[in-house]
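Below is one structure, written out as structure tokens; the observations come after it.
The values are calculated or read from the model by the stated rules, or taken from the named source; none is laboratory data. Predicted model, so just to flag it, every value in this text is computed and none were measured. In this analysis, Cβ positions are derived from the backbone assuming ideal geometry, glycine residues included, and neighbour counts consider all displayed protein chains.
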Ligand code: PLP
């Protein structure tokens with residue numbers, strides 16, 4: 001029998017979603033007539049934009065003809081898409097990113113999980129808390145997180161708590177770290193960083209020779225013109241940051257799969273002898289060894305997001321979700337709850353009423369309003385005392401859920 005990677009046994013079981021499912025099932029069995037509304041989902045509900053669909057159809061037709069058929073493509077993405085990303089996502093914001101610094105992939109999840117492979121096993125990792133669990137779990141699997149502790153943390157990971165008290169802007173680590181995962185706009189808190197806020201991290205990373213792993217999967221939801229969309233809008237970031245982007249929440253690609261990661265050529269690591277090594281070339285090597293590219297049809301679909309019609313249509317879907325966010329925010333505030341996020345992000349982070357933990361409030365919302373939320377504790381120890389709602393639902397259901405919370409919930 002082959003020995004297994006024992007680090008996998010240190011993973012906490014995916015308790016959050018299975019426990020939600022169990023409680024919902026139990027409630028539904030006891031109340032078969034209750035019409036549940038799920039406001040906890042992290043998936044989009046609007047269909048792909050017409051411009052995307054048209055481009056996808058055309059690309060499928062190309063695959064049907066010998067003259068235009070495509071086999072394996074470039075592992076890091078077709079030039080037509082790389083050039084559009086460089087121009088629209090970066091050039092238009094005054095940021096210079098070259099095509100060969102962009103790596104098209106099949107998801108922000110896989111890229112943010114895989115990136116740790118190019119770093120040493122003894123690198124010290126810091127995560128903001130609460131977080132998107134993938135950053136942590138991928139480091140647990142690689143053996144970098146150490147052992148699980150009773151308090152829900154791992155003993156080699158540095159946790160940076162984001163709470164209402166610090167405005168969900170985490171403190172800098174009080175010791176040296178090598179890798180630091182940041183996500184803004186944030187899932188789950190919906191918090192954003194100003195330019196000065198981003199600069200604080202860039203300065204820290206430059207001082208400490210750390211690498212920032214900056215997840216900007218929700219940048220398309222930023223409304224405030226003073227909030228940077230890319231970490232590279234801040235001077236000095238090219239030397240210290242890798243950025244993850246995704247078409248999932250930007251353009252409804254959660255089931256279609258396309259994303260990209262930027263690894264600037266200025267960004268260096270160091271080998272055991274102290275010699276500087278390009279992280280761009282390591283990531284290129286990793287991707288070209290383990291990944292064979294995003295399908296041509298999907299990259300053509302992603303390219304259509306940058307056409308005039310595509311941009312208009314994608315913006316309209318985002319506006320739709322942000323109107324949901326406004327409805328949730330205002331409704332819950334009117335119900336007397338403390339609400340955060342939802343202004344530059346599709347996530348609304350709600351403080352539980354005094355004396356109630358995340359799961360207590362989850363049960364109360366389910367029992368009284370028949371609304372399913374996500375308990376904040378599932379995103380990390382500092383998520384205790386909050387629940388997450390999302391703006392990705394259908395309008396009528398979102399409105400009804402808010403109305404029920406306003407009229408049925410006893411606080
Ligand atoms: N990053 C964050 C912060 C997310 O919340 C998600 C999905 O929920 C992802 C990345 C994954 O995106 P993708 O669909 O591109 O894998």
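Residues that are in contact (Cβ under 8 Å) with a residue 60 or more places away in the chain, more than 7 Å from the ligand (Cβ to nearest atom) and farther than 16 Å from residue 311 by Cα within segment 245-256 comprise 245, 256, listed in sequence order.
The set of residues from segment 257-279 being in a strand (DSSP E or B) and either within 16 Å of the ligand (Cβ to nearest atom) or under 16 Å from the mean Cα position of the chain (by Cα) (or both) comprises 259, 260, 261, 262.
Taking the conditions exactly as written (in contact (Cβ under 8 Å) with a residue 60 or more places away in the chain and surrounded by fewer than 21 Cβ atoms within 10 Å (Cβ to Cβ)), does residue 203 satisfy them or not?
Details: in contact (Cβ under 8 Å) with a residue 60 or more places away in the chain: no; surrounded by fewer than 21 Cβ atoms within 10 Å (Cβ to Cβ): yes.
So residue 203 does not fit the description; no.
For segment 120-159, the set of residues classified as in contact with a strand residue (DSSP E or B) (Cβ under 7 Å, 6 or more places away or on another chain) and part of a helix (DSSP H, G or I) consists of 135, 136, 139, 140, listed by residue number.
Give 384, 403 a once-over and let me know the one that is in contact with a helix residue (DSSP H, G or I) (Cβ under 9 Å, 6 or more places away or on another chain) and in contact (Cβ under 8 Å) with a residue 40 or more places away in the chain. Spell out how you get there, then give the answer.
Numbers: 384 fails: in contact (Cβ under 8 Å) with a residue 40 or more places away in the chain.
Checking each option against the conditions leaves just 403.
Would you check if there is a residue in segment 269-282 being touching a strand residue (DSSP E or B) at 6+ places or on another chain (Cβ under 8 Å), under 30 Å from residue 68 (Cβ atoms) and assigned by TED's automatic domain parsing to the domain that holds residue 222? Within segment 269-282, not a single residue is touching a strand residue (DSSP E or B) at 6+ places or on another chain (Cβ under 8 Å), under 30 Å from residue 68 (Cβ atoms) and assigned by TED's automatic domain parsing to the domain that holds residue 222.
Only one of the numbered conditions (1) surrounded by fewer than 19 Cβ atoms within 10 Å (Cβ to Cβ); (2) more than 16 Å from the ligand (Cβ to nearest atom) is not met by residue 137, and that is (2).
If the requirement is being more than 25 Å from residue 392 (Cα to Cα) and modelled with pLDDT under 95, which of these qualifies: 62, 75? After ruling out the rest, the residue left standing is 75. Residues that are surrounded by 22 or more Cβ atoms within 10 Å (Cβ to Cβ) and either in contact (Cβ under 8 Å) with a residue 40 or more places away in the chain or outside the structural domain of residue 287 (by TED's automatic domain parsing) (or both) were ranked within segment 232-244; the one that is nearest to the ligand (Cβ to nearest atom) is 244.
Among the residues in segment 337-357, are any outside the structural domain of residue 216 (by TED's automatic domain parsing) and part of a helix (DSSP H, G or I)? I'd like the intermediate steps shown before the answer.
Looking only at segment 337-357, we keep the residues that are outside the structural domain of residue 216 (by TED's automatic domain parsing), and these are 337-357.
Checking the rest, the ones that are also part of a helix (DSSP H, G or I) come to none.
Scanning segment 337-357 turns up no residue that is outside the structural domain of residue 216 (by TED's automatic domain parsing) and part of a helix (DSSP H, G or I).
Of the residues making up segment 75-91, none is touching a strand residue (DSSP E or B) at 6+ places or on another chain (Cβ under 9 Å), in a loop (DSSP other than H, G, I, E, B) and under 23 Å from residue 222 (Cα atoms). Among the criteria (1) more than 13 Å from residue 189 (Cα to Cα); (2) within 16 Å of the ligand (Cβ to nearest atom), the one residue 144 does not fulfil is (2).
Of all residues assigned to segment 195-208, none qualifies as being at pLDDT 95 or above and under 21 Å from residue 392 (Cβ atoms).
Scan 95, 104 and give me the residue that is assigned to a loop (DSSP other than H, G, I, E, B) and within 30 Å of residue 195 (Cβ to Cβ). On inspection, the qualifying residue turns out to be 95. Of the residues 315, 329, the single one that is assigned to a helix (DSSP H, G or I), surrounded by fewer than 18 Cβ atoms within 10 Å (Cβ to Cβ) and modelled with pLDDT of 95 or more is 315. Restricting attention to segment 13-43 and to residues that are over 18 Å from residue 358 (Cα atoms) and under 22 Å from the mean Cα position of the chain (by Cα), the residue that is modelled with the lowest pLDDT turns out to be 13. For residue 76, the criteria (1) in contact (Cβ under 8 Å) with a residue 40 or more places away in the chain; (2) surrounded by fewer than 23 Cβ atoms within 10 Å (Cβ to Cβ) hold in every case but one, which is (2). Residue check: residue 195 meets all listed conditions (1) surrounded by fewer than 20 Cβ atoms within 10 Å (Cβ to Cβ); (2) in contact (Cβ under 8 Å) with a residue 40 or more places away in the chain; (3) within 30 Å of residue 302 (Cα to Cα) but one, namely (2). Output yes when any residue across segment 83-96 is within 30 Å of residue 393 (Cα to Cα), surrounded by 13 or more Cβ atoms within 10 Å (Cβ to Cβ) and within 16 Å of the ligand (Cβ to nearest atom), and no when none is. Checking segment 83-96: at least one residue is within 30 Å of residue 393 (Cα to Cα), surrounded by 13 or more Cβ atoms within 10 Å (Cβ to Cβ) and within 16 Å of the ligand (Cβ to nearest atom).
Does residue 48 fit the bill of being surrounded by 13 or more Cβ atoms within 10 Å (Cβ to Cβ) and under 17 Å from residue 244 (Cα atoms)? For residue 48, the condition - surrounded by 13 or more Cβ atoms within 10 Å (Cβ to Cβ) and under 17 Å from residue 244 (Cα atoms) - is not met. Considering 224, 151, the condition of being modelled with pLDDT under 95 and surrounded by fewer than 18 Cβ atoms within 10 Å (Cβ to Cβ) is satisfied by 151 alone. May I ask you to verify whether residue 113 is surrounded by 11 or more Cβ atoms within 10 Å (Cβ to Cβ), in contact (Cβ under 8 Å) with a residue 60 or more places away in the chain and out of contact with any strand residue (DSSP E or B) (no Cβ under 8 Å at 6 or more places or on another chain)? Judged against the criteria, residue 113 is not a match.
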